[in-house]
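Student: Below you'll find the structure I mean.
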């Protein structure tokens, strides 16, 4: 198990992306945010925060929009040694990239931060991901895998980000000067160098779009951390299967 003793001081700040509207979940998010949907009595946000707590994180920022007051109340009553702050996107949800840019003010003393989608439940090795970040000093290290996905990240022969494609629609975006050789599914967990995003104007933009822009002049690389389970709650009919999987694993 990864513990506090195995982590460096730089390794303890995280951003949990939790501002999504969860529209694909229908009535389940009619009166609550997606982050507070429960699986076997625990919300997605609680599952994510407890994981970060066990890993030794001390500083966590959660971005919010939809039903902000509910998440604010949850955090207020959440018993944890971690410092938890909220980055509220009051006007409109800024997407994953815009949420990161707005939250950067909370990370002025953190060079490297973990970014983790709240709706992703996984035991993906955070230490392995961070070790790749330290060894390469890339501006971003993205956890990817071979699992099926219509949206794919493209990488060159040195596993540097070279583009993005939607296998279903045929849409492709390429990074100038990079030749795509491999394609993988993004696991929605990454380590980012906050300095690379300084000076970007806060706007509505996806994280992938930001990374594609950075990849033109910087190394954004793939990493393949080990994991035994990975779930992404996107639709209501996935709840039962995810709950059964976690129960089987004793999680």
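We did not get these values from a lab; they are worked out from the coordinates using the rules stated. Since the structure is predicted, the reported quantities are computational estimates derived from the model, not experimental observations. Cβ coordinates were reconstructed from backbone atoms using ideal geometry, including for glycine residues, and neighbour counts include every protein chain displayed.
Student: List the extent of the Cα atoms of region 1-143 along each of their three principal axes, largest first, rounded to whole Å.
Tutor: 44, 31, 26
Student: How compact and how long is region 150-205, expressed as Rg and Dmax of its alpha-carbon atoms in Å?
Tutor: When restricted to Cα atoms, region 150-205 yields Rg and Dmax of 13.0, 35 Å.
Student: Right, next: For region 125-251, report the translational diffusion coefficient in µm²/s to the nearest whole number, using Stokes-Einstein at 20 °C, 1.002 mPa s, and a Kirkwood Rh over Cα pairs.
Tutor: Rounded to a whole number, D works out at 135 µm²/s.
Student: Also: Angle between the Cα long axis of helix 44-54 and the longest principal axis of the chain, 0 to 90 degrees, nearest 10?
Tutor: Roughly 70 degrees between the two axes.
Student: Quick check: from the Cα gyration tensor, does region 96-145 come out rounded (a/c under 1.5), prolate or oblate? If you can, show how the numbers build up before the last one.
Tutor: Values: a/c = 2.00, a/b = 1.18, b/c = 1.70.
Verdict is oblate for region 96-145.
Student: Another question, if that's okay. Distances longer than 18 Å among the Cα atoms of region 65-124: what percent of all pairs is that?
Tutor: Counting every Cα pair in region 65-124, those more than 18 Å apart make up 47 percent.
Student: To the nearest 10 degrees, how steeply does helix 126-136 sit against the main Cα axis of the chain, on a 0 to 90 scale?
Tutor: 30
Student: How much of the pair distance distribution for region 17-97 lies past 22 Å, counting alpha-carbon pairs only, in percent? Kindly include the intermediate steps, with their values, before the conclusion.
Tutor: Working: 676 of 3240 pairs.
The answer is 21 percent, as a whole percent.
Student: State log₁₀ I(q)/I(0) for the chain at q = 0.07, 0.09, 0.12, 0.13 Å⁻¹ as given by the Debye formula over alpha-carbon point scatterers of equal weight, solvent excluded.
Tutor: The Debye formula, applied to the Cα set alone, gives -0.22, -0.37, -0.68, -0.81.
Student: Sorted by average packing, counted as other Cβ atoms within 10 angstrom per residue and highest first, what order do 40-46, 158-164, 232-238, 187-193 take?
Tutor: 187-193, 158-164, 40-46, 232-238
Student: While we're on this one: Looking at the chain only, what percent of DSSP beta bridges run antiparallel? Nearest 5 please. List each step's numbers first, then the result.
Tutor: Working: 27 of 46 bridges.
So the antiparallel bridges amount to about 60 percent of the total.
Student: Same structure again: How big is the gap, in Å, between the Cα center of region 11-84 and the Cα center of region 86-151?
Tutor: First find each Cα centre; the distance between them is then 15 Å.
Student: In degrees, nearest 10, range 0 to 90: what is the angle between the Cα axis of helix 239-248 and the longest Cα principal axis of the chain?
Tutor: 90
Student: Using only the alpha carbons, work out the radius of gyration and Dmax of region 192-251 in angstrom.
Tutor: Computed over the Cα atoms of region 192-251, radius of gyration and Dmax are 17.4, 46 Å.
Student: Can you work out the FRET efficiency for the pair residue 238 and residue 50, with r the C-beta to C-beta distance and R0 = 22 Å, to the nearest 0.05? Walk me through the intermediate numbers first.
Tutor: Details: r = 21 Å, r/R0 = 0.94.
With R0 = 22 Å, the Cβ-Cβ based efficiency is 0.60.
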